[in-house]
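What follows is a single structure, written as C-alpha coordinates, with notes after it.
The values are calculated or read from the model by the stated rules, or taken from the named source; none is laboratory data. Since the structure is predicted, the reported quantities are computational estimates derived from the model, not experimental observations. Positions of Cβ are backbone-derived with ideal geometry, glycine not excepted, and every protein chain shown enters the neighbour counts.
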Amino acid sequence: MKEIKLFAPATIANVSCGFDVLGLCLDTVGDEMIIRKTTKKGVRISKIIGQDLPIETEKNVAGVAVLALLKQLNSDAGFEIEIYKNIKPGSGIGSSAASSAGAVFGVNKLLGEPFTLQELIPFAMEGEKLASGTAHADNVAPALLGGFTLVRSYNPLDVIKMNSPKELFATVIHPQIEIKTADARSVLKKKVTLKETVIQLGNLGGLIAGLYTNDYDLIGRSLHDEIVEPSRSILIPEFDAIIKAAKDAGALGGGISGSGPSIFALSKGKEIADKVALTMAKAYKNLQIDFEIHVSKINTKGIKIL
Ligand code: ADP
(Lines give C-alpha, C1' and ligand atoms only; values in the text may rest on other atoms or scores of the structure.)
Protein backbone atom coordinates (compact mmCIF):
# COMPACT_ATOMS: atom_id res chain seq x y z
CA MET A 1 0.00 0.00 0.00
CA LYS A 2 1.43 3.38 -1.10
CA GLU A 3 -1.45 5.70 -0.33
CA ILE A 4 -4.31 5.88 2.16
CA LYS A 5 -7.37 8.14 2.34
CA LEU A 6 -9.15 8.44 5.64
CA PHE A 7 -11.81 10.15 7.71
CA ALA A 8 -10.41 11.71 10.89
CA PRO A 9 -13.31 12.35 13.29
CA ALA A 10 -14.12 15.26 15.54
CA THR A 11 -14.32 14.43 19.25
CA ILE A 12 -15.84 15.83 22.44
CA ALA A 13 -13.38 15.93 25.32
CA ASN A 14 -14.10 16.25 29.05
CA VAL A 15 -17.81 15.32 28.63
CA SER A 16 -18.69 17.52 31.65
CA CYS A 17 -17.38 15.59 34.65
CA GLY A 18 -14.20 14.11 33.09
CA PHE A 19 -11.75 16.99 32.64
CA ASP A 20 -8.71 15.73 30.69
CA VAL A 21 -9.82 12.08 31.10
CA LEU A 22 -13.12 11.48 29.24
CA GLY A 23 -13.76 11.80 25.52
CA LEU A 24 -16.15 10.59 22.86
CA CYS A 25 -15.91 10.20 19.11
CA LEU A 26 -18.30 11.80 16.59
CA ASP A 27 -19.43 10.35 13.30
CA THR A 28 -20.76 13.11 11.08
CA VAL A 29 -18.05 15.74 11.58
CA GLY A 30 -14.41 15.28 10.67
CA ASP A 31 -11.51 15.94 8.31
CA GLU A 32 -10.29 13.90 5.40
CA MET A 33 -6.64 13.13 4.87
CA ILE A 34 -4.61 11.52 2.12
CA ILE A 35 -1.22 10.14 3.15
CA ARG A 36 1.32 8.94 0.59
CA LYS A 37 4.65 7.17 0.83
CA THR A 38 7.46 9.15 -0.80
CA THR A 39 11.06 8.33 -1.62
CA LYS A 40 12.28 11.41 0.27
CA LYS A 41 12.91 10.72 3.97
CA GLY A 42 10.76 12.59 6.52
CA VAL A 43 7.34 14.22 6.51
CA ARG A 44 5.93 16.93 4.26
CA ILE A 45 2.50 18.56 4.55
CA SER A 46 1.79 18.97 0.84
CA LYS A 47 -1.70 20.50 0.97
CA ILE A 48 -4.12 21.99 3.50
CA ILE A 49 -7.57 22.80 2.15
CA GLY A 50 -10.32 24.49 4.15
CA GLN A 51 -8.44 26.28 6.93
CA ASP A 52 -5.43 28.53 7.27
CA LEU A 53 -2.96 26.34 9.17
CA PRO A 54 0.84 26.10 9.23
CA ILE A 55 2.22 23.97 6.41
CA GLU A 56 5.69 23.57 7.97
CA THR A 57 6.06 20.02 9.30
CA GLU A 58 7.30 21.11 12.74
CA LYS A 59 4.42 23.59 13.17
CA ASN A 60 1.63 21.29 12.04
CA VAL A 61 0.35 18.77 14.57
CA ALA A 62 0.10 16.08 11.87
CA GLY A 63 3.80 16.54 11.03
CA VAL A 64 4.93 16.56 14.66
CA ALA A 65 2.94 13.43 15.54
CA VAL A 66 4.33 11.46 12.57
CA LEU A 67 7.89 12.63 13.29
CA ALA A 68 7.52 11.24 16.84
CA LEU A 69 6.36 7.89 15.43
CA LEU A 70 9.20 7.69 12.87
CA LYS A 71 11.75 8.61 15.54
CA GLN A 72 10.59 5.74 17.74
CA LEU A 73 11.07 3.34 14.81
CA ASN A 74 14.36 4.91 13.75
CA SER A 75 12.78 4.87 10.29
CA ASP A 76 14.09 6.34 7.04
CA ALA A 77 10.63 6.28 5.46
CA GLY A 78 9.13 9.35 3.81
CA PHE A 79 5.51 10.60 3.69
CA GLU A 80 3.44 13.46 2.34
CA ILE A 81 0.15 14.44 3.90
CA GLU A 82 -2.85 16.24 2.40
CA ILE A 83 -5.34 17.63 4.92
CA TYR A 84 -8.90 18.51 3.95
CA LYS A 85 -9.90 20.43 7.04
CA ASN A 86 -13.57 20.61 8.00
CA ILE A 87 -13.07 21.03 11.76
CA LYS A 88 -12.24 24.62 12.56
CA PRO A 89 -9.23 25.05 14.87
CA GLY A 90 -10.20 26.41 18.26
CA SER A 91 -13.74 25.05 18.02
CA GLY A 92 -13.49 22.66 20.97
CA ILE A 93 -14.25 19.53 18.95
CA GLY A 94 -10.69 18.31 18.56
CA SER A 95 -9.45 19.92 15.36
CA SER A 96 -5.80 19.35 16.20
CA ALA A 97 -6.52 15.85 17.55
CA ALA A 98 -8.19 14.77 14.29
CA SER A 99 -5.03 15.71 12.37
CA SER A 100 -2.60 14.17 14.87
CA ALA A 101 -4.59 10.95 15.23
CA GLY A 102 -5.36 10.67 11.50
CA ALA A 103 -1.74 11.20 10.52
CA VAL A 104 -0.28 8.54 12.84
CA PHE A 105 -3.08 6.11 11.98
CA GLY A 106 -2.44 6.48 8.23
CA VAL A 107 1.35 6.29 8.47
CA ASN A 108 1.11 3.24 10.75
CA LYS A 109 -1.08 1.48 8.13
CA LEU A 110 1.35 2.37 5.32
CA LEU A 111 4.23 0.97 7.39
CA GLY A 112 2.43 -2.38 7.88
CA GLU A 113 1.07 -1.60 11.36
CA PRO A 114 4.12 -1.78 13.61
CA PHE A 115 1.96 -0.21 16.38
CA THR A 116 -1.46 -1.03 17.87
CA LEU A 117 -4.07 1.74 18.09
CA GLN A 118 -3.31 2.07 21.82
CA GLU A 119 0.40 2.45 21.07
CA LEU A 120 -0.32 5.28 18.61
CA ILE A 121 -1.87 7.46 21.34
CA PRO A 122 1.44 8.86 22.74
CA PHE A 123 2.58 9.93 19.24
CA ALA A 124 -0.71 11.73 18.59
CA MET A 125 -0.36 13.36 22.02
CA GLU A 126 2.85 15.04 20.77
CA GLY A 127 0.63 16.88 18.27
CA GLU A 128 -1.66 18.00 21.11
CA LYS A 129 1.39 19.27 22.99
CA LEU A 130 2.24 21.47 20.02
CA ALA A 131 -1.35 22.77 19.73
CA SER A 132 -2.06 23.58 23.37
CA GLY A 133 1.12 23.15 25.38
CA THR A 134 -0.20 20.03 27.16
CA ALA A 135 0.08 16.47 25.87
CA HIS A 136 -3.52 15.60 26.73
CA ALA A 137 -5.13 12.42 25.38
CA ASP A 138 -8.84 13.08 25.86
CA ASN A 139 -9.38 13.95 22.16
CA VAL A 140 -6.78 11.74 20.45
CA ALA A 141 -7.84 8.61 22.37
CA PRO A 142 -11.50 8.64 21.20
CA ALA A 143 -10.39 9.67 17.68
CA LEU A 144 -8.09 6.63 17.47
CA LEU A 145 -10.11 4.05 19.43
CA GLY A 146 -13.67 5.27 18.78
CA GLY A 147 -16.56 5.36 21.25
CA PHE A 148 -16.17 6.74 24.78
CA THR A 149 -12.67 6.60 26.22
CA LEU A 150 -11.27 7.10 29.70
CA VAL A 151 -7.68 8.07 30.41
CA ARG A 152 -7.33 6.23 33.73
CA SER A 153 -3.75 7.38 34.13
CA TYR A 154 -1.32 9.63 32.26
CA ASN A 155 1.78 8.25 33.88
CA PRO A 156 1.97 5.47 32.89
CA LEU A 157 -0.54 6.03 30.09
CA ASP A 158 -3.57 3.77 30.58
CA VAL A 159 -6.51 4.36 28.24
CA ILE A 160 -9.74 2.36 28.37
CA LYS A 161 -12.33 2.15 25.60
CA MET A 162 -15.73 2.01 27.26
CA ASN A 163 -19.21 0.91 26.26
CA SER A 164 -21.31 3.34 24.17
CA PRO A 165 -25.09 2.95 24.53
CA LYS A 166 -26.52 2.43 21.05
CA GLU A 167 -29.20 5.12 21.16
CA LEU A 168 -26.93 7.87 22.44
CA PHE A 169 -26.64 10.89 20.10
CA ALA A 170 -24.67 14.10 20.47
CA THR A 171 -25.77 17.56 19.37
CA VAL A 172 -22.94 20.09 19.16
CA ILE A 173 -23.36 23.80 18.53
CA HIS A 174 -20.32 25.91 17.67
CA PRO A 175 -20.75 29.66 18.10
CA GLN A 176 -18.42 31.31 15.61
CA ILE A 177 -15.94 32.72 18.08
CA GLU A 178 -12.53 31.20 18.69
CA ILE A 179 -11.25 30.15 22.10
CA LYS A 180 -7.69 28.85 22.09
CA THR A 181 -7.22 25.81 24.32
CA ALA A 182 -4.26 27.57 25.93
CA ASP A 183 -6.51 30.54 26.88
CA ALA A 184 -9.29 28.28 28.15
CA ARG A 185 -6.70 26.59 30.36
CA SER A 186 -5.47 29.89 31.78
CA VAL A 187 -8.88 30.65 33.37
CA LEU A 188 -8.87 27.39 35.35
CA LYS A 189 -8.60 27.69 39.10
CA LYS A 190 -5.50 26.14 40.61
CA LYS A 191 -7.10 24.69 43.75
CA VAL A 192 -10.11 22.43 44.13
CA THR A 193 -11.91 21.84 47.43
CA LEU A 194 -12.68 18.44 48.91
CA LYS A 195 -16.42 19.18 48.56
CA GLU A 196 -16.05 19.89 44.83
CA THR A 197 -13.93 16.77 44.37
CA VAL A 198 -16.57 14.57 46.02
CA ILE A 199 -19.29 15.96 43.72
CA GLN A 200 -17.10 15.49 40.64
CA LEU A 201 -16.14 11.91 41.54
CA GLY A 202 -19.77 10.95 42.12
CA ASN A 203 -20.74 12.23 38.68
CA LEU A 204 -17.76 10.66 36.91
CA GLY A 205 -18.57 7.28 38.47
CA GLY A 206 -22.27 7.79 37.67
CA LEU A 207 -21.59 8.58 34.03
CA ILE A 208 -19.39 5.52 33.58
CA ALA A 209 -21.92 3.29 35.36
CA GLY A 210 -24.63 4.72 33.09
CA LEU A 211 -22.58 3.98 29.96
CA TYR A 212 -22.09 0.34 30.96
CA THR A 213 -25.69 -0.27 32.09
CA ASN A 214 -27.26 1.72 29.21
CA ASP A 215 -29.02 3.83 31.84
CA TYR A 216 -29.78 7.03 29.93
CA ASP A 217 -31.27 8.85 32.92
CA LEU A 218 -28.19 8.13 35.02
CA ILE A 219 -26.01 9.44 32.16
CA GLY A 220 -28.13 12.61 32.12
CA ARG A 221 -27.95 13.12 35.91
CA SER A 222 -24.18 12.68 35.80
CA LEU A 223 -23.50 15.27 33.08
CA HIS A 224 -22.46 17.92 35.58
CA ASP A 225 -19.09 19.63 35.93
CA GLU A 226 -18.51 21.10 39.38
CA ILE A 227 -14.90 22.11 38.81
CA VAL A 228 -14.10 23.48 35.36
CA GLU A 229 -17.34 24.63 33.76
CA PRO A 230 -18.14 27.44 36.24
CA SER A 231 -14.92 29.29 35.27
CA ARG A 232 -14.93 28.39 31.59
CA SER A 233 -18.57 28.94 30.72
CA ILE A 234 -18.19 32.70 31.13
CA LEU A 235 -16.13 32.67 27.89
CA ILE A 236 -19.11 31.23 25.96
CA PRO A 237 -22.04 33.42 24.94
CA GLU A 238 -25.37 32.39 26.52
CA PHE A 239 -24.00 29.09 27.84
CA ASP A 240 -26.65 28.60 30.53
CA ALA A 241 -29.50 29.52 28.17
CA ILE A 242 -28.32 27.01 25.55
CA ILE A 243 -28.05 24.17 28.09
CA LYS A 244 -31.51 25.00 29.44
CA ALA A 245 -32.95 25.08 25.91
CA ALA A 246 -31.37 21.68 25.16
CA LYS A 247 -32.78 20.11 28.34
CA ASP A 248 -36.22 21.64 27.72
CA ALA A 249 -36.16 19.98 24.28
CA GLY A 250 -35.50 16.58 25.88
CA ALA A 251 -31.68 16.32 26.07
CA LEU A 252 -30.31 14.15 28.88
CA GLY A 253 -27.79 16.87 29.72
CA GLY A 254 -24.85 18.73 28.26
CA GLY A 255 -21.87 20.95 28.84
CA ILE A 256 -18.82 22.57 27.26
CA SER A 257 -17.24 20.52 24.50
CA GLY A 258 -13.52 20.32 25.22
CA SER A 259 -12.30 23.79 26.07
CA GLY A 260 -15.16 25.45 24.16
CA PRO A 261 -16.71 27.46 22.68
CA SER A 262 -18.72 24.49 21.32
CA ILE A 263 -21.51 23.28 23.59
CA PHE A 264 -22.68 19.67 23.47
CA ALA A 265 -25.82 17.87 24.57
CA LEU A 266 -26.46 14.13 24.71
CA SER A 267 -29.87 12.69 23.89
CA LYS A 268 -31.53 9.31 23.66
CA GLY A 269 -32.37 8.78 19.98
CA LYS A 270 -31.80 10.87 16.85
CA GLU A 271 -35.27 12.37 16.90
CA ILE A 272 -34.65 14.12 20.23
CA ALA A 273 -31.08 15.07 19.21
CA ASP A 274 -32.50 16.79 16.09
CA LYS A 275 -35.10 18.60 18.19
CA VAL A 276 -32.34 19.71 20.57
CA ALA A 277 -30.40 21.05 17.56
CA LEU A 278 -33.38 23.13 16.44
CA THR A 279 -33.86 24.60 19.92
CA MET A 280 -30.17 25.39 20.41
CA ALA A 281 -30.03 26.99 16.95
CA LYS A 282 -33.10 29.09 17.68
CA ALA A 283 -31.51 30.45 20.85
CA TYR A 284 -28.41 31.67 18.97
CA LYS A 285 -30.48 32.93 16.00
CA ASN A 286 -32.55 35.08 18.35
CA LEU A 287 -29.33 36.55 19.73
CA GLN A 288 -27.88 36.98 16.20
CA ILE A 289 -24.87 34.84 17.03
CA ASP A 290 -23.49 32.88 14.03
CA PHE A 291 -23.07 29.16 14.63
CA GLU A 292 -22.56 25.73 13.11
CA ILE A 293 -24.50 22.76 14.43
CA HIS A 294 -23.97 19.00 14.19
CA VAL A 295 -26.00 15.96 15.21
CA SER A 296 -24.10 12.68 15.39
CA LYS A 297 -24.37 9.22 16.80
CA ILE A 298 -21.38 8.03 18.80
CA ASN A 299 -18.76 6.74 16.35
CA THR A 300 -17.56 3.46 17.85
CA LYS A 301 -15.01 2.83 15.09
CA GLY A 302 -12.89 6.01 15.28
CA ILE A 303 -10.80 6.78 12.20
CA LYS A 304 -12.19 5.22 9.03
CA ILE A 305 -10.39 4.26 5.83
CA LEU A 306 -12.22 5.73 2.81
P1 ADP B 1 -8.80 22.31 18.96
O2 ADP B 1 -9.16 22.15 20.40
O3 ADP B 1 -10.03 22.39 18.11
O4 ADP B 1 -7.81 21.29 18.50
P5 ADP B 1 -6.80 24.18 19.57
O6 ADP B 1 -6.98 25.64 19.73
O7 ADP B 1 -6.49 23.36 20.73
O8 ADP B 1 -8.11 23.68 18.81
O9 ADP B 1 -5.62 23.83 18.55
C10 ADP B 1 -5.47 24.44 17.39
C11 ADP B 1 -4.05 24.97 17.31
O12 ADP B 1 -3.21 23.99 16.69
C13 ADP B 1 -4.00 26.20 16.42
O14 ADP B 1 -3.09 27.12 16.98
C15 ADP B 1 -3.51 25.66 15.10
O16 ADP B 1 -2.81 26.62 14.35
C17 ADP B 1 -2.59 24.52 15.54
N18 ADP B 1 -2.48 23.46 14.50
C19 ADP B 1 -1.34 23.04 13.91
N20 ADP B 1 -1.59 22.07 13.01
C21 ADP B 1 -2.92 21.85 13.04
C22 ADP B 1 -3.78 20.96 12.32
N23 ADP B 1 -3.33 20.12 11.41
N24 ADP B 1 -5.09 20.98 12.62
C25 ADP B 1 -5.57 21.84 13.54
N26 ADP B 1 -4.81 22.72 14.24
C27 ADP B 1 -3.50 22.72 13.99
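Quick look at the values:
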| item | result |
| --- | --- |
| Boolean, Glu271 is without any contact (Cβ under 8 Å) to a residue 24 or more places away in the chain, out of contact with any Ser or Thr (no Cβ under 6 Å at 6 or more places or on another chain) and among the acidic types (Asp, Glu) | yes |
| Some residue of region 24-45 being modelled with pLDDT under 95, within 30 Å of Ile219 (Cα to Cα) and within 22 Å of the chain's Cα centre (by Cα) | yes |
| Lone unmet requirement of (1) more than 16 Å from the ligand (Cβ to nearest atom); (2) out of contact with any strand residue (DSSP E or B) (no Cβ under 8 Å at 6 or more places or on another chain); (3) part of a helix (DSSP H, G or I); (4) closer than 21 Å to Ser262 by Cα for Arg185 | (1) |
| Matching entry among Leu53, Leu22, Leu6 (being crowded, with 22+ Cβ neighbours inside 10 Å and under 30 Å from Tyr154 (Cα atoms)) | Leu22 |
| Check on Ser46, farther than 30 Å from Lys166 by Cβ and either surrounded by fewer than 24 Cβ atoms within 10 Å (Cβ to Cβ) or within 12 Å of the ligand (Cβ to nearest atom) (or both) | yes |
| Failed item, numbered, when Thr197 is tested on (1) of a type in the set (Ser, Thr, Tyr); (2) assigned to a helix (DSSP H, G or I); (3) touching a Lys or Arg at 6+ places or on another chain (Cβ under 6 Å) | (3) |
| Near pairs, Cβ below 6 angstrom, 6+ apart or cross-chain, from region 119-136 (under 14 Å from Gly23 (Cβ atoms)) to any residue that is more than 8 Å from the ligand (Cβ to nearest atom) and assigned to a loop (DSSP other than H, G, I, E, B) | Ile121/Ala137; Met125/Ala135; Met125/Ala137; Glu128/Ala135; Glu128/His136; His136/Asp20 |
| Yes/no for Asp76 being surrounded by fewer than 24 Cβ atoms within 10 Å (Cβ to Cβ) and over 20 Å from the mean Cα position of the chain (by Cα) | yes |
